[in-house]
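J.: Mind looking over this structure? Questions follow.
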Amino acid sequence: MLPPLDCLSLGNENRCRQHLGPNLKLYKLQKGRKEGNQRWASVLVSLCSLDGEPAFLFTLRSSTLKGRHKGDVSFAGGKSDPSDSDVVATALREAREELGVNVGIEKVWGVLKPLRDASGMVIAPVLANLGPLEELNFKPNPGEVDEIFTLSLSHLCNPQNRGYTHFRTGDKYGYTLPVFRNGKHRVWGLTAVALDHTLKLIVPP
């Protein structure tokens, strides 16, 4: 079933904000408990519209970056900085540094529940609606971003464009993660997990 176009409506935004509201406490509680040794990162799960159609904005990470995630599809994001007041501030700062756009706090709908990567880092998916892409002027940082692209909500919600990747731990089945395909680039890993959780939230039941 394709998503309704009113997922970007004020009514749906208010519903999502109300649902996400309590999640910020999860980060404050965990941060207090693990102060001093907890590693944090935030990503900006970027809703937008293109020619009036709901979509998500992604980046293709630079192939010159160090680490295992170079060349991967991701949302703008990164590790927290001591100057960041909270996980939302981290996501907005990273979007500014990577994409060259200032996303106002009023655009943020809320924070999804924490994700954890293989290294143990806790990741905060911050959901924001950037609005019409035609009104934004991106200046991507070439040291971090090779490309900016979008995938429409209708594409992402089409069952033909999604699948699952099964991972093994040693010689046994480990876990399964969603993957979104048939677009410009394959979306997988924690980016796909954050996207999957977001789709379940924003598409009205």
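The values are calculated or read from the model by the stated rules, or taken from the named source; none is laboratory data. Here the structure is a predicted model, which means the values were calculated and not measured. Reconstructed Cβ throughout: ideal geometry from the backbone, glycine too, with neighbour counts over all protein chains shown.
J.: From 120, 131, 100, 104, which residue is in contact (Cβ under 8 Å) with a residue 60 or more places away in the chain, out of contact with any strand residue (DSSP E or B) (no Cβ under 6 Å at 6 or more places or on another chain) and under 19 Å from residue 56 (Cα atoms)? Even if it seems obvious, please write down each step before you answer.
T.: Working: 120 fails: under 19 Å from residue 56 (Cα atoms); 100 fails: in contact (Cβ under 8 Å) with a residue 60 or more places away in the chain; 104 fails: in contact (Cβ under 8 Å) with a residue 60 or more places away in the chain.
Result of the check over 120, 131, 100, 104: 131.
J.: Here is a further query. Only one residue in 5, 24, 29 is at pLDDT below 80, among the hydrophobic types (A, V, I, L, M, F, W, C), surrounded by fewer than 19 Cβ atoms within 10 Å (Cβ to Cβ) and within 30 Å of residue 100 (Cβ to Cβ), so which one is that?
T.: 5
J.: Right, here's the next one. Within the set of pairs 6 or more residues apart or between chains, which connect a residue that is within 20 Å of residue 142 (Cβ to Cβ) and of a type in the set (Phe, Trp, Tyr) inside the range 43-68 to a residue that is modelled with pLDDT of 80 or more and not in a strand (DSSP E or B) with Cβ atoms less than 6 Å apart?
T.: none
J.: For the range 165-182, indicate whether the set of residues that are closer than 26 Å to residue 52 by Cα, of a type outside the set (Val, Ile, Thr) and at pLDDT below 90 is non-empty.
T.: Yes, the conditions are met somewhere in the range 165-182.
J.: Take the residues in the range 81-130 that are hydrophobic (A, V, I, L, M, F, W, C) and assigned to a loop (DSSP other than H, G, I, E, B); name whichever of them is modelled with the lowest pLDDT.
T.: Within the range 81-130, the match that is modelled with the lowest pLDDT is 118.
J.: Can you tell me how many residues in the range 147-171 are surrounded by fewer than 17 Cβ atoms within 10 Å (Cβ to Cβ), under 24 Å from residue 98 (Cα atoms) and of a type outside the set (Phe, Trp, Tyr)?
T.: Number of matching residues: 1.
J.: Limited to the range 135-170, what total is found for residues that are touching a residue at least 24 places away in the same chain (Cβ under 8 Å) and of a type in the set (Val, Ile, Thr)?
T.: Residues flagged as touching a residue at least 24 places away in the same chain (Cβ under 8 Å) and of a type in the set (Val, Ile, Thr) within the range 135-170 amount to 3.
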